[in-house]
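What follows is one structure encoded as C-alpha cells, with my remarks underneath.
The values are calculated or read from the model by the stated rules, or taken from the named source; none is laboratory data. Source: prediction; values computed, not measured. All Cβ positions, glycine included, derive from the backbone under ideal geometry; neighbour counts span all protein chains shown. What goes into the accessible areas is simple: the full protein's heavy atoms, side chains included, and nothing from ligands, DNA or RNA. Shrake-Rupley method; radii C 1.70, N 1.55, O 1.52, S 1.80 Å.
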Amino acid sequence: MSRTRERLLALATVALSVLITLGALELVLRFLPVGSGLRSMPVTAAAPVFHYEPNADYVYSIGWNFEFVNRGHVNNAGFVNDRDYHADDPSPLIVVVGDSYIEALQVPFPQTLEARLASTLSPRARVYSFAASGSPLSQYLVWAQHAVQQYGARAVIINVVWNDFDESYESYRRAPHFWFYVRANDGSLKLKLFEHRRSLLRSLALESALARYLLLNLRLEHFIAEAPFLHGLLADGAPAQPAAPADLLLDADADAERSRISYDVIDAVFRDVPRMIALPPERILFVVDGYHYPDIAAASAEHYYDRMRKIFLARAKAEGYGAIDLQPFFFAHFSAHHQPFEVPHDGHWNGIAHELVAEAVQQSGFLERSLNGRAPVTSR
C-alpha cells in the first residue's frame, strides 16, 4: 500500500471516528434535559413587535450536568406564558412587562409574578405578560403600547431592573431586534426599531442537542455574544442576563457618559409614556428592583445603579405614576428568613422573589384601583 493511500485511510478512519463519536453524543443528549433555547420571529417595519415562535414548549437547564432544570411554554402570542392571549376576551386585562426577570425561563410558571397575580385576580380579570431576555426599558414601552392597542389592557405593570437605563440606548444595546433610543439631529432621543431576521445557522444549530448543549448549557453563547463575527452568524437574540455583577454595581467611578445617557433615557421614557401607553397615570405601575441584601446596598450607596433607581422612582412619583421600590421588601424578608432570592448559578429571581414582588404589588392597592375604575378607550 502506497504512503498516500495509507494517509488517506488514516484520515478517513479519524473522520469516521469523529463522526461516530459526535453521533453518539447527539443520541445520548437527546435523552437528557438539554436547554432548548427559544426561536425569535423576524422583527421588521411590517412586524415591529418582538415575540418568539408561538405554540412551543421549552427546556431550560444549567451547566454541563443539568444541575437545574425547568420546563415551560411559549403561548399563541409568542410569549413565555402557560395561558393563551385573546384580543376578544371582554374580561379586564392587566399586563406585566419586563425582560428576563419577567420572562422567567428558570422558574416554574405557577411561581412567577404574572401567574401569582393571575391566580389572585381570577376570575375577575386576566393577567398577560410581555417579556424577553435582553430587552430594555425602551422596548417595554412598545410592548405596553401593543398590549393596550391590541388587547385592550386596562392597566400596565412595568418591571425595571439594573441594566434598563443605559441599554435602552443604541450604543449599549445587547440585542438586535428591539426598539432603542437613538440621538436625533436636534439632540433629543427618539425610538428606533433595529430590524432583525432569524439566523438560519442558529435555527439549524438549535435542531441539534449537541449544539444546544455547547451553546446553552456550556454557555458558549455568551462567548459568541462578545465576538461580533460569530454573533452575527449565530445569535438570535441576547443570552439570558443574570443579576447585576457586584463588580459593576460596586464601581464608584461609573462612566460619566453612561450616566449622562441614562439620565437622558429616563427623560425620554417619561416623555413617551403618555403618548405610547394610552392609559391614565394611575393605571401604570413601575416596579423597580433594588439591591437584595443590606451589605451589598451599603457598599453600593450612590454608585451608578443606586443613583439611577432613586432618580427613576422620584420621577415616576412626580409624574403621577405608581412606583414601588422593591428594595425594602427584599431587606425585610431577608432579615426575617435569610433566604436567597436568586436561582442558583443563574442570578435571576427565584420563586421566593417572584412571590415577594407579587405581594408588593397586591399591597400597593394598584390592582384594585385599576379594576374598579372605568375601562380606557383604546383603538384596536
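Any idea which residue in region 309-327 is least open to solvent (accessible area, probe 1.4 Å), counting only those that are in contact (Cβ under 8 Å) with a residue 24 or more places away in the chain and more than 22 Å from the chain's Cα centre (by Cα)? Please lay out each step first, then the result.
From region 309-327, those in contact (Cβ under 8 Å) with a residue 24 or more places away in the chain are 309, 311-313, 315-316, 319-327; that's our starting set.
After this cut, where a residue has to be more than 22 Å from the chain's Cα centre (by Cα) as well, the list is 311, 315, 319-321.
Values: Ile311: 68, Arg315: 68, Glu319: 79, Gly320: 43, Tyr321: 22 Å².
Out of the qualifying residues, it is Tyr321.
Residues of region 39-83 that are more than 19 Å from Ala205 (Cβ to Cβ), polar (S, T, N, Q) and under 17 Å from the mean Cα position of the chain (by Cα): Asn70, Asn75, Asn81. For Tyr151, the criteria (1) modelled with pLDDT of 95 or more; (2) touching a helix residue (DSSP H, G or I) at 6+ places or on another chain (Cβ under 8 Å) hold in every case but one, which is (2). With respect to the conditions (1) open to solvent by less than 30 Å² (accessible area, probe 1.4 Å); (2) closer than 20 Å to Pro136 by Cα, Leu191 falls short on a single one, namely (1).
Entry remark, region 25-60: residues being free of Cβ contacts under 8 Å to residues at least 24 places away in the same chain and not charged (D, E, K, R) number 7 in total.
When Ala77, Ala87, Ala56, Ala104 are checked against the criterion of being under 23 Å from Asn163 (Cα atoms), open to solvent by less than 60 Å² (accessible area, probe 1.4 Å) and either touching a helix residue (DSSP H, G or I) at 6+ places or on another chain (Cβ under 7 Å) or at pLDDT 95 or above (or both), a single residue qualifies: Ala104. When the helices (runs of 4 or more DSSP H) confined to region 266-344 are screened for residues that are closer than 22 Å to Val361 by Cβ, those reaching at least 2 such residues are found at 304-318, 327-337.
Looking at region 337-347, which of the residues that are within 24 Å of Ser61 (Cα to Cα) and modelled with pLDDT of 95 or more is nearest to the chain's Cα centre (by Cα)?
Kept after step one, since they are within 24 Å of Ser61 (Cα to Cα), are these residues of region 337-347: 339-347.
Now drop any that are not modelled with pLDDT of 95 or more, which leaves 339-342.
Working: Gln339: 24, Pro340: 20, Phe341: 17, Glu342: 15 Å.
Residue satisfying both the conditions and the ranking: Glu342.
Determine whether region 163-172 contains at least one residue that is out of contact with any Leu (no Cβ under 8 Å at 6 or more places or on another chain), over 30 Å from Asp306 (Cα atoms) and either among the hydrophobic types (A, V, I, L, M, F, W, C) or open to solvent by 40 Å² or more (accessible area, probe 1.4 Å) (or both). Within region 163-172, none of the residues are out of contact with any Leu (no Cβ under 8 Å at 6 or more places or on another chain), over 30 Å from Asp306 (Cα atoms) and either among the hydrophobic types (A, V, I, L, M, F, W, C) or open to solvent by 40 Å² or more (accessible area, probe 1.4 Å) (or both).
Can we say Glu6 is open to solvent by 10 Å² or more (accessible area, probe 1.4 Å) and part of a helix (DSSP H, G or I)?
On the way: open to solvent by 10 Å² or more (accessible area, probe 1.4 Å): yes; part of a helix (DSSP H, G or I): yes.
Spelling it out, Glu6 is indeed open to solvent by 10 Å² or more (accessible area, probe 1.4 Å) and part of a helix (DSSP H, G or I).
Out of curiosity, is Gly72 open to solvent by less than 10 Å² (accessible area, probe 1.4 Å), more than 19 Å from Ala147 (Cα to Cα) and not hydrophobic (A, V, I, L, M, F, W, C)? Criteria not met by Gly72. None of Arg126, Arg183, Arg198 is touching a strand residue (DSSP E or B) at 6+ places or on another chain (Cβ under 8 Å) and crowded, with 18+ Cβ neighbours inside 10 Å except Arg126.
Against the criterion of being of a type in the set (Ser, Thr, Tyr) and either modelled with pLDDT of 95 or more or touching a strand residue (DSSP E or B) at 6+ places or on another chain (Cβ under 6 Å) (or both), Ser370 qualifies. The one condition from (1) more than 16 Å from the chain's Cα centre (by Cα); (2) open to solvent by less than 10 Å² (accessible area, probe 1.4 Å) that Gly134 does not meet is (1). Is it fair to say Gly98 is of a type in the set (Gly, Ala, Ser), modelled with pLDDT of 95 or more and open to solvent by less than 20 Å² (accessible area, probe 1.4 Å)? Answer is yes for this residue. Scanning region 348-367 for residues that are farther than 17 Å from Ile102 by Cα and either modelled with pLDDT under 95 or of a type in the set (Gly, Ala, Ser) (or both) yields a count of 2. Scoring Val288 on the criteria (1) more than 22 Å from the chain's Cα centre (by Cα); (2) hydrophobic (A, V, I, L, M, F, W, C); (3) open to solvent by less than 30 Å² (accessible area, probe 1.4 Å); (4) at pLDDT 85 or above leaves a single failure, condition (1).
Among the criteria (1) open to solvent by less than 10 Å² (accessible area, probe 1.4 Å); (2) touching a Pro at 6+ places or on another chain (Cβ under 7 Å), the one Arg154 does not fulfil is (1). In the set (1) closer than 26 Å to Pro42 by Cβ; (2) acidic (Asp, Glu); (3) assigned to a loop (DSSP other than H, G, I, E, B); (4) in contact (Cβ under 8 Å) with a residue 24 or more places away in the chain, Asp84 fails one condition alone, (4).
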